[in-house]
Amino acid sequence: MTTMLEPHRAPQEELAPSRAGARPGRRSSSDHPLWFLLPALAILAVFFIAPTVFNFVYAFTDWSSFKSEIGFVGLENFRDLASSGTLLADLRITVVYAILVAIFQNLFGLLLALLLERDTRVNRMARVAFFVPVIMSALAVGYVFQALLEPDGGLNAMLSFLLPGQVDVAWLGSTRWTIVVVALVHAWKWMGLSMLIYLAGLKTISDDVLEAARLDGASGWQLFRQVKLPLLAPAVTFNVATALLGSMNGFDVVQATTEGGPGGTTELLNIFIFRTFGQGLFAQATAMSLTLFLVVALLAFPVIAGLRRRERVL
Amino acid sequence: MSAAPVLPVTAAPRPPAPRRSPRGLVQPIAAVTSVVVLLGVPFWLIIATASKPHAEALDPDLSPPSHWQLLHNVSTVVEDGRMLKAFFGSLLVMVPSVAIVLVLGSMASWVLARRTSRLLAAVYAIAISGIVLPPAVVTIVLLLRQLGLAGTPVGMVGVYCGMYLSTVIFFVTGFVRTIPVELEEAARVDGASPVRVFFQIVFPLLRPVLATATILICLYIWNDVFYALFVIGGRLDTLPLNLYQVASSGLYLQNWELIFSYILVMSLPLLIVFAVAQRRIISGVTGGAVK
């Protein structure tokens, strides 16, 4: 880099008056030296890019804690995972979980935003309260709901009080519905964030537009469906994208509530990766990690394009 | 709006004042009810169970404890869960990660925002891809072993830096473009080196966006357990790691009063910070989204 700087510095010192004329050519090189990029790029290269590249290598080996050598085995890991049904099952569970979280989180967030839209004292306090789960540890939230949803837990106690007869539903024990329950817990943790983003979106809608619609005789529902919702589109895009991609990478809530059970029906890819890693089956864990990477990358390309467009506007 | 003619009967004759007053009652009641049901129940469960004697906490129902022993449970868990060590362990990995990511990320963002070339556009795309792409958790452990950093705070800091540099670069690059380049040029004409221009002029101007990034990254790292389990699990105490141990070790199985005491104490620092800087945090976390 210094060699790039030298030839520019010399003439600048001799010919002070021509500096202004030389600027357009100079601005891009010596005013913003490329070496400023190097420390950040070095960290990214070592701790982000290199492990990702390793993913593409070690997923095709027999790397494990049971032997010291590592040899190539081609597609064997994927064949094993596919033939046991784990690959497709976990992939499906992860995608279903992500979609459910995106739906619930946005539904709750939007409803809360509409409920707490006006700037009253009660509403402001409620908004702050709904943000507390967002800053809490997801693991802690998971344990709270594990206790709440136990057969002898708080929810059944409450329902038994309200309804006739004893309620003892095993909320976390159904091979079909537990995935929905854990997605609801995940959505509960993050709904405060979605709510705030929707509130910010609602604030950008001008009162004139709403007043005009009201004068035209629009009902509350029409006002929402035909005026507010279309104008909230950017907030919806952002919330859905972050909820989808964030929960694809989910772990904490599910690990704390079900650890992937019952019968593996809530085993997200990250739960599988953590479990097989703990068993010393590193290559299998890597193969699943690569699978997660590829699926998220496939989903993320449109998202990155969207974020970059947004950022250019900013 | 096309349906407007159908509705004037309900909408038009209503004078504004009476329309507001019933809603003025319904809305606050609905707001308070939603807080009580959605937040009050889980939070009451935490406080009530954390205060119960062991025998009563076995079934974590919503009943109040027969006698409150919150302090007793808290002191048990602070000791058994090594909470003090965990607190400092969490700080030990969080503070250097955030500092490194902010300084190095801003330096890179400055150049990425000011210079344009096809190569730099590609570098930028790769640099921000970490916002959405999941880190390769398994092979990162292999790499850390090869570097001799497995299980060390330095390794953990490196992993967090690799993960969250992209967030900083994304936020800051956009922000730098809004700063007029003339500010820098004046200093350059006066003979300031690029290093001085960056650290004395540009970096201080980045304060608002760096505040946002700091809040986000602190939240992520303070609450992270997944990556910590892979990199430093069993070697270093952090608050979420020790919570995981307390909750999953056989010794504490079903010891809800201890788990919830732990959660209560662990959430306290965050809640205090949140109470103090509530507006800042909320605008910080949503700021990135609404812009």
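The values are calculated or read from the model by the stated rules, or taken from the named source; none is laboratory data. Small disclaimer: the values here were computed from a predicted structure and weren't measured. Positions of Cβ are generated from backbone atoms using ideal geometry, with glycine treated the same way; all protein chains shown enter the neighbour counts.
So for the stretch A:228-248 (the condition being on the phi > 0 side of the Ramachandran plot and not in a helix (DSSP H, G or I)), does at least one residue qualify? Within the stretch A:228-248, none of the residues are on the phi > 0 side of the Ramachandran plot and not in a helix (DSSP H, G or I). What are the residues in the stretch A:141-160 that are of a type in the set (A, V, I, L, M) and touching a residue at least 60 places away in the same chain (Cβ under 8 Å), if any? Once the filter is applied, which keeps residues that are of a type in the set (A, V, I, L, M) and touching a residue at least 60 places away in the same chain (Cβ under 8 Å), the stretch A:141-160 yields A:VAL141, A:LEU149. Going residue by residue through the stretch A:101-109, is there one that turns out to be within 27 Å of the chain's Cα centre (by Cα) and at the interface with another protein chain (Cβ under 9 Å from one of its Cβ atoms)? The answer is yes, given that some residue of the stretch A:101-109 is within 27 Å of the chain's Cα centre (by Cα) and at the interface with another protein chain (Cβ under 9 Å from one of its Cβ atoms). Any chance the stretch B:204-212 includes a residue that's at the interface with chain A (Cβ under 10 Å from one of its Cβ atoms) and surrounded by 19 or more Cβ atoms within 10 Å (Cβ to Cβ)? There is no residue in the stretch B:204-212 that is at the interface with chain A (Cβ under 10 Å from one of its Cβ atoms) and surrounded by 19 or more Cβ atoms within 10 Å (Cβ to Cβ).
State whether one or more residues within the stretch A:73-89 are facing chain B (nearest Cβ under 9 Å), of a type outside the set (Val, Ile, Thr) and not in a helix (DSSP H, G or I). Outline the logic, then answer.
Start the filter on the stretch A:73-89 by keeping residues that are facing chain B (nearest Cβ under 9 Å), which leaves none.
So far as the stretch A:73-89 goes, no, none of its residues is facing chain B (nearest Cβ under 9 Å), of a type outside the set (Val, Ile, Thr) and not in a helix (DSSP H, G or I).
If the condition is being at the interface with chain A (Cβ under 9 Å from one of its Cβ atoms) and outside any helix (DSSP H, G or I), then the stretch B:158-197 contributes B:ARG177, B:THR178, B:VAL181. Within the stretch A:256-271, the set of residues being part of a helix (DSSP H, G or I) and more than 8 Å from chain B (Cβ to nearest Cβ) comprises A:THR257, A:LEU269, A:ILE271.
Here the stretch A:272-293 is the region considered, the condition is being in a helix (DSSP H, G or I) and more than 10 Å from chain B (Cβ to nearest Cβ), and the residue that is surrounded by the fewest Cβ atoms within 10 Å (Cβ to Cβ) is A:ARG275.
Name the single residue, out of those in the stretch A:198-255 being among the charged types (D, E, K, R), over 30 Å from B:VAL225 (Cα atoms) and surrounded by 14 or more Cβ atoms within 10 Å (Cβ to Cβ), that is farthest from the chain's Cα centre (by Cα).
If we take residues in the stretch A:198-255 being among the charged types (D, E, K, R), over 30 Å from B:VAL225 (Cα atoms) and surrounded by 14 or more Cβ atoms within 10 Å (Cβ to Cβ), then A:ASP216 is farthest from the chain's Cα centre (by Cα).
Among residues of the stretch B:81-108 that are more than 14 Å from every other protein chain (Cβ to nearest Cβ) and crowded, with 17+ Cβ neighbours inside 10 Å, those with a beta-carbon under 8 Å from a residue that is among the aliphatic types (A, V, I, L, M) and in a helix (DSSP H, G or I) at least six positions away or on a different chain give the pairs B:GLY89/B:LEU239; B:GLY89/B:LEU241.
Residue-level check: of (1) modelled with pLDDT of 90 or more; (2) assigned to a helix (DSSP H, G or I), A:LEU299 misses just (1).
Being of a type outside the set (Val, Ile, Thr), in contact with a helix residue (DSSP H, G or I) (Cβ under 8 Å, 6 or more places away or on another chain) and without any contact (Cβ under 8 Å) to a residue 60 or more places away in the chain narrows it down to one residue among B:GLY155, B:GLY162, B:GLY148, B:GLY191; which is it? Please lay out each step first, then the result.
Numbers: B:GLY155 fails: without any contact (Cβ under 8 Å) to a residue 60 or more places away in the chain; B:GLY148 fails: in contact with a helix residue (DSSP H, G or I) (Cβ under 8 Å, 6 or more places away or on another chain); B:GLY191 fails: in contact with a helix residue (DSSP H, G or I) (Cβ under 8 Å, 6 or more places away or on another chain).
So the residue among B:GLY155, B:GLY162, B:GLY148, B:GLY191 that is of a type outside the set (Val, Ile, Thr), in contact with a helix residue (DSSP H, G or I) (Cβ under 8 Å, 6 or more places away or on another chain) and without any contact (Cβ under 8 Å) to a residue 60 or more places away in the chain is B:GLY162.
Given (1) under 10 Å from A:ALA113 (Cα atoms); (2) modelled with pLDDT under 90; (3) more than 9 Å from chain B (Cβ to nearest Cβ), where does A:GLY220 come up short, assuming only one miss? Of the numbered conditions (1) under 10 Å from A:ALA113 (Cα atoms); (2) modelled with pLDDT under 90; (3) more than 9 Å from chain B (Cβ to nearest Cβ), the odd one out for A:GLY220 is (1). Evaluation of A:SER160 against the conditions (1) under 26 Å from the mean Cα position of the chain (by Cα); (2) of a type in the set (Ser, Thr, Tyr); (3) closer than 30 Å to A:THR265 by Cα shows that the sole unmet condition is (1).
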